[in-house]
Amino acid sequence: DGTEPSHMHYENDENYFRGYEWWLMKEAKKRNPKIKLIGLPWTFPAWIGKGENWPYDYPDVTAYYVVSWILGAKRYHDLDIDYIGIWNERAFSSKYIKLLRYTLDKHGLQQVRIVASDRLWEPISFVLLLDSELHGVVDVIGAHYPGTKTVPNALLTKKKLWSSEDYSTFNDEVGAGCWARILNQNYVNGNMTSTIAWNLVASYYEELPFGRCGLMTAKEPWSGHYKVEAPIWITAHTTQFTQPGWSYLQVDGQLEGGGSFVALTDGLGNLTIIIETMTHNHSQCIRPLLPHFSVTPQKATFYLRGSFYMVQTLQVWHSRLGFESGNSSLFQQLHPVKAWKGSFSLYLNVDEVYTLTTLKTGQKCGCPEPPPPQPFPSNYKDDFNIRNPPFSEAPNFADQTGVFEYFINSSDPGDHVFTLRQVVVQRPITWASDADQTISLIGNFQWVNMTVTCDIYIEKQRDGGVFIAGRVDNGGIYVRRTKGVFFWVFADGTYRVTGDLAGEEILMKGLSGVRDNAWHTLTLNIQGTSASGLLNGYPLWENVTVSKPSNGWAAIGTRSFEFAQFDNFHVE
């Protein structure tokens, strides 16, 4: 939720140690070396479009940018990217996709497969049927939030079909029900052999858009608290007993009393069956709208044929989502089921998941209790004085437009050698409606009264500017409409106080004497319905009435996409 730093901010810039994704991929590989890695651009840096908000005018440049990332993953982190996408939920270009395949092959990346187009089933399926050259280079058709359905043209292409983004639902029991249902029914109804959840772990402030829409929640790095939510154990029903490379058996998959089942094999004699009986009201995803259906308790009999006729015992793992009672039973091992003459029966209640498998490898970890939750510290400082930071960005700051990175100011002999710098200097080829200003949030959304202090350094002459802010109320895809109390200073020596990030609701303005390429200290004090501001420790403005929003985060940022530095941040 927010922005991520590119490996190439500028045309002559390359850095494969920014952001958290490299760390995340390496941690995933430690736990499961066979896990698949997929890259998909949401946004591109501006230089790729050479002034146009479009990544396909210079397809060779875009292909170079994407392939550089894949090569960097291998060279600097020994990570093999398995699949690459085109542009998240935006238009595709056939010419670009063909050039991407050519560029991958030229760099010895024949094993990297192409997914298109991470939007809807059409027009990509239709275009693949018409264009045999494109058909030859696209390996997977990926659709987003398909509602477990595909379309005839997609089936006609004979390509692998994926739900390449799905779920995105609040991770309570209903979210778990949604995930259980679509994990099965995306194959049963839509022939999809992969379902990818957005997102993996909800590690961002909950009040941002899509709060807790992850399979689990870990949103308190300052306390170390996290919660393994129900969707994680729903995932385990499938992922602990199958692997990429297993095949779905072409069974009917519909249960007579409602619900569904799938069966998979490794081709070596192992069999895994996953059954779900989610009811309508307990399995609604965020999108699309779920048509009504009914599920009733039932006895289901399964028949094992062919090589599976000899299977005598199946291990059983069970979950029951308890909505009315409030107590769910998640991923418990039950007594094995015996098959007799190739068949066995089960009594299925509603809102249950069963895994029946020949594998004996399932496990539910007895993990130590995480630390208890704590609110964000009510007195928080960061001087950014860190010589070899483990990450490129300062902890707890959540960039919503622009990128704020640790910076070493080699030209400054004084107190500001180690700073935080905003480094995106042109509006990117955007996916969401980024703001026209840059902004990074920090703190506790429930904060009401606060004092924010920060040293600031405007680098852009004439029309450069920076702000500090409090009671900031929004971010993510809604960042353009963000409100709060914003204290701006500009390179032309003026200041402003506004009630919004866009700077349209002006509460106060005047002269400050601030200039570019010099350090100044800003202080914003908000108490009740009144705000005041200090410059270098002296009052600059006071008694400005503030009404809405009544609470929110602290924030820093810039007037435009421009270089600027921040140091000695303090919020209380």
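Observations, loosely collected:
Conditions tested, residue by residue: (1) touching a Phe, Trp or Tyr at 6+ places or on another chain (Cβ under 8 Å); (2) within 23 Å of Lys149 (Cα to Cα); (3) assigned to a loop (DSSP other than H, G, I, E, B).
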residue: Leu268; (1), (2), (3): no, no, yes
residue: Gln284; (1), (2), (3): no, yes, yes
residue: Arg287; (1), (2), (3): yes, yes, yes
residue: Leu314; (1), (2), (3): yes, no, no
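- Only one of Lys26, Lys30 that is in a helix (DSSP H, G or I) and either touching a helix residue (DSSP H, G or I) at 6+ places or on another chain (Cβ under 7 Å) or of a type in the set (Asp, Glu) (or both): Lys26
- Qualifying positions in the stretch 202-213 - out of contact with any helix residue (DSSP H, G or I) (no Cβ under 9 Å at 6 or more places or on another chain), open to solvent by 30 Å² or more (accessible area, probe 1.4 Å) and closer than 25 Å to Thr238 by Cα: Ser203
- Single residue of the stretch 135-166 satisfying the filter (buried (at least 19 other Cβ atoms within 10 Å of the Cβ) and among the acidic types (Asp, Glu)) that is nearest to Leu100 (Cα to Cα): Glu165
- A single member of Phe487, Phe566, Phe561 is of a type in the set (Phe, Trp, Tyr), surrounded by 17 or more Cβ atoms within 10 Å (Cβ to Cβ) and assigned to a loop (DSSP other than H, G, I, E, B), and it is Phe561.
- Among the residues making up the stretch 100-134, those that are farther than 27 Å from Tyr145 by Cβ and open to solvent by less than 50 Å² (accessible area, probe 1.4 Å) are Thr103, Leu104, Gly108, Leu109.
- Within the stretch 490-540, the residues that satisfy the criterion of being among the small types (Gly, Ala, Ser), surrounded by 15 or more Cβ atoms within 10 Å (Cβ to Cβ) and within 23 Å of Asp415 (Cβ to Cβ) are Ala491, Ser512, Gly533.
- Test result for Asn543, of a type outside the set (Lys, Arg), touching a Ser or Thr at 6+ places or on another chain (Cβ under 9 Å) and either open to solvent by 60 Å² or more (accessible area, probe 1.4 Å) or within 26 Å of Gln461 (Cβ to Cβ) (or both): yes
- Restricting Leu208, Leu255 to those that are in contact (Cβ under 8 Å) with a residue 60 or more places away in the chain and either in contact with a His (Cβ under 8 Å, 6 or more places away or on another chain) or under 30 Å from Ala398 (Cβ atoms) (or both) reduces the list to Leu208.
- Residue within the stretch 497-509 that is over 25 Å from Tyr478 (Cα atoms) and of a type in the set (S, T, N, Q) present: no
- Test: residue in the stretch 40-53 that is under 20 Å from the mean Cα position of the chain (by Cα), surrounded by 14 or more Cβ atoms within 10 Å (Cβ to Cβ), outside any loop (DSSP other than H, G, I, E, B) and hydrophobic (A, V, I, L, M, F, W, C): yes
- Of all the residues in the stretch 243-264, those that are of a type in the set (Val, Ile, Thr) and open to solvent by less than 20 Å² (accessible area, probe 1.4 Å) number 1.
The values are calculated or read from the model by the stated rules, or taken from the named source; none is laboratory data. All values derive from a computational prediction rather than experimental measurement. Note: ideal-geometry Cβ built from the backbone for every residue, glycine included; neighbour counts use all protein chains shown. Heads up: the accessible areas ignore ligands, DNA and RNA and are worked out on the full protein's heavy atoms, side chains in. Shrake-Rupley method; radii C 1.70, N 1.55, O 1.52, S 1.80 Å.
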